[in-house]
Amino acid sequence: MSKALYELTLHAAWAALQRGDFSAVELTQSLLDRIAQVDGQINAYLTVTAEQALAQATAADACRSRGETAPLLGIPLAVKDVLCTEGVRTTCGSRILEHFIPPYTATAVQRLAAAGMVLLGKTNTDEFAMGSSTENSGYFPTHNPWDLARVPGGSSGGSGAAVAAQMAMAALGSDTGGSVRLPASYCGVVGLKPSYGRVSRYGLVAYGSSLDQIGVLAKDVRDAALLLGVIAGQDPHDSTTMPAPVPAYSQLLSEDVRGLRIGLPDEYFVEGLQPEVNAAVRAAIDVLAGLGAEVVRISLSNTDKALPVYYLVATAEASANLARFDGVRYGFSADSTNILDNYRDSRGQGFGAEVKRRIMLGTYVLSAGYYDAYYLKAQQVRTLIKQDFESAFTQVDVIASPVAPTTAFRLGEKVDDPLAMYLSDLFTIPLNLAGMCGISVPCGFDAQGLPIGLQLMGPHLGEATLLRAAHAYEQATPWHTRWA
Amino acid sequence: MHLTIEEVRHVAELAKLRLSEQELALYAGQLSAILEYAERLQQVETSCVAPTPYVLPLANVWAEDLPEPSLPNALATANAPDHEDGFFRVRAVFEE
């Protein structure tokens, strides 16, 4: 039996479109049919833009028939609903933005559009990207395609589930503390978090501005490399983008990792790690060693401080960023008689529980008398965490670890215990604090058939080497060929 | 570290969040637990460590000061709950 069109990888679909095997309209219709067929159980999308998608696909076919092409011409993609899309509702998973129609498009999305993308819709997320399970969405939770009783991870859980259930050829996500890599791991797809400053954040609704970075969820490493090549680069609208040139990532992929030095941090192989996760990640490292990589034991000694540092720094930044939701310029506005009550009521009613918890924590740590003890201290320890990585990357080229201590947990299992929920991000958070790049690559399944992710981490702007190592591992193993 | 309900009420006012009594009690417990977890940072010696508010070596990114098209007024106010003549309308600021 031949493959349905929605089952193709992005790069295979693009090549087939170029050959004229099928049209962008046929490909888009296949994805839209797939969404209609399975999203009722998964709930990955908040908004599906079917009509616009078919119009964009028609335009892509017309363009191709004139002999023109582009790197993503006619390729249907999904975008996490924290990225602004002009004329298309952007909710951030929050009731406070239920009817918000952005007047402009985020740079990363604009670059995909300029490369010919067909936008299928906007994917579910924990409210304002705050969460590890997508259960904090103000609309509905997303279900894991491998087991509908389990979470897809978060906060880019809609994007992870959409790619895993083959309802998009790939998707954009955002990663502040692991929000691309965790859902990639739980859903068995590739999730790339680029270095801070590699991709413009213009039009990404801000959560923790010193940590946020837009990333991609894809079916394989080649697709992730292709997409990074399109979205990366300096942007006059984001002064924190690096002026460094963008390598042709997808052309630099190879299966040769001979001589590559891979660091194994002691602190990431600890008690509490699900035994099958430990076994799968160690087996993955053996595969890389078998391909000629050199494995080196390293130490990232401040790893155990990363989680508290993150929850002080990220919430402090969030409390400032989310001050913009005032019930005056956009979003939900409560029915109050004076302006102060209107602020209090609009925010109190418009935000969900986790967002209010983080605003409260961030406001507290920035408040008079506590700034030095919490916020300043956290920023100092952040320096030590970053120095751990800088020192490790003088000895090794990439660092390997699990993405998360366990596979996907059950819906409802951690909703009443925020601290237990935060612990799912133990192994992804340090990288955001250091501003470096990382990727989750499928590396096996546990006894219940749930996917396990291998995390590879690279130095700042080290994406080319990171992708090469991930690609070499992926091509040597069968995991990327298995679908939910 | 244990936050009292009154401390939580004060923080909620700083953040301009109207919280119910149940929410105040819930957050008092949960924020206390999270702050207690963060206490482990106090044991780290940082007297000679500079803070990292921002990871990039970039500073003073300059741009030419050129006029560019800006958001049209009608679009800028299109999402406002209440607007009039191109302005945002707010609720009463001064008491009678």
All strands (runs of 3 or more DSSP E) inside region A:150-267 with 1 or more residues being surrounded by 24 or more Cβ atoms within 10 Å (Cβ to Cβ) and at pLDDT 95 or above: A:170-174, A:190-193, A:214-218
Based on this model, can you work out whether A:Glu271 counts as surrounded by fewer than 19 Cβ atoms within 10 Å (Cβ to Cβ), modelled with pLDDT under 95 and either in contact with a helix residue (DSSP H, G or I) (Cβ under 9 Å, 6 or more places away or on another chain) or not in a loop (DSSP other than H, G, I, E, B) (or both)? no
Across (1) in contact with a strand residue (DSSP E or B) (Cβ under 7 Å, 6 or more places away or on another chain); (2) within 28 Å of A:Tyr473 (Cα to Cα), A:Lys386 clears everything bar (1)
How many residues, within region A:324-343, are out of contact with any helix residue (DSSP H, G or I) (no Cβ under 8 Å at 6 or more places or on another chain), more than 8 Å from chain B (Cβ to nearest Cβ) and of a type in the set (A, V, I, L, M)? 0
Test set (1) touching a Pro at 6+ places or on another chain (Cβ under 7 Å); (2) of a type in the set (A, V, I, L, M, F, W, C); (3) more than 14 Å from every other protein chain (Cβ to nearest Cβ) - A:Ala306 fails condition number: (3)
Close pairs (8 angstrom Cβ cut-off, 6 or more residues apart or separate chains): over 15 Å from A:Ala113 (Cα atoms) in region A:222-239, assigned to a helix (DSSP H, G or I) and modelled with pLDDT under 95 anywhere: none
Tell me yes or no: at least one residue of region A:66-76 is part of a strand (DSSP E or B) and under 19 Å from the mean Cα position of the chain (by Cα). yes
Among the candidates A:Ala293, A:Ala318, residue that is closer than 30 Å to B:Arg40 by Cα and at pLDDT 95 or above: A:Ala318
Take the conditions under 20 Å from the mean Cα position of the chain (by Cα), more than 7 Å from chain A (Cβ to nearest Cβ) and without any contact (Cβ under 8 Å) to a residue 60 or more places away in the chain and apply them to B:Ser47. Does it pass? no
Qualifying residue in region A:284-297 (condition: more than 30 Å from A:Tyr202 (Cβ to Cβ), touching a Pro at 6+ places or on another chain (Cβ under 9 Å), more than 7 Å from every other protein chain (Cβ to nearest Cβ) and outside any helix (DSSP H, G or I)): yes
Can you find a residue in region A:170-177 that is in contact with a Cys (Cβ under 7 Å, 6 or more places away or on another chain) and either free of Cβ contacts under 8 Å to residues at least 24 places away in the same chain or not aromatic (Phe, Trp, Tyr) (or both)? no
Please find, within region A:118-175, the residue that is farthest from A:Ser195 (Cα to Cα) out of those that are touching a strand residue (DSSP E or B) at 6+ places or on another chain (Cβ under 6 Å) and of a type in the set (D, E, K, R). A:Arg150
Scan region A:385-399 and give yes if some residue there is aliphatic (A, V, I, L, M), buried (at least 20 other Cβ atoms within 10 Å of the Cβ) and within 14 Å of chain B (Cβ to nearest Cβ), otherwise no. yes
Only residues that are within 14 Å of another protein chain (Cβ to nearest Cβ) and assigned to a helix (DSSP H, G or I): list them for region A:96-126, please. A:Ile96, A:Leu97
Given the residues A:Thr69, A:Thr125, A:Thr91, which is the only one that is of a type outside the set (Phe, Trp, Tyr), surrounded by fewer than 24 Cβ atoms within 10 Å (Cβ to Cβ) and at negative phi? A:Thr69
Could you check region B:63-93 and list, in sequence order, the residues that are more than 27 Å from A:Glu98 (Cβ to Cβ) and facing chain A (nearest Cβ under 9 Å)? B:Ala63
Of residues in region A:5-36 being outside any helix (DSSP H, G or I), more than 26 Å from the chain's Cα centre (by Cα) and not charged (D, E, K, R), the one farthest from A:Val118 (Cα to Cα): A:Gly20
Specify which of the listed residues (A:Ala184, A:Ala161) is in contact (Cβ under 8 Å) with a residue 60 or more places away in the chain and under 22 Å from A:Asp33 (Cα atoms). A:Ala161
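The values are calculated or read from the model by the stated rules, or taken from the named source; none is laboratory data. Worth saying up front: this structure is predicted, and the values here are computed from it rather than measured. No Cβ is skipped: glycine too gets one built from the backbone with ideal geometry, and neighbour counts run over all protein chains shown.
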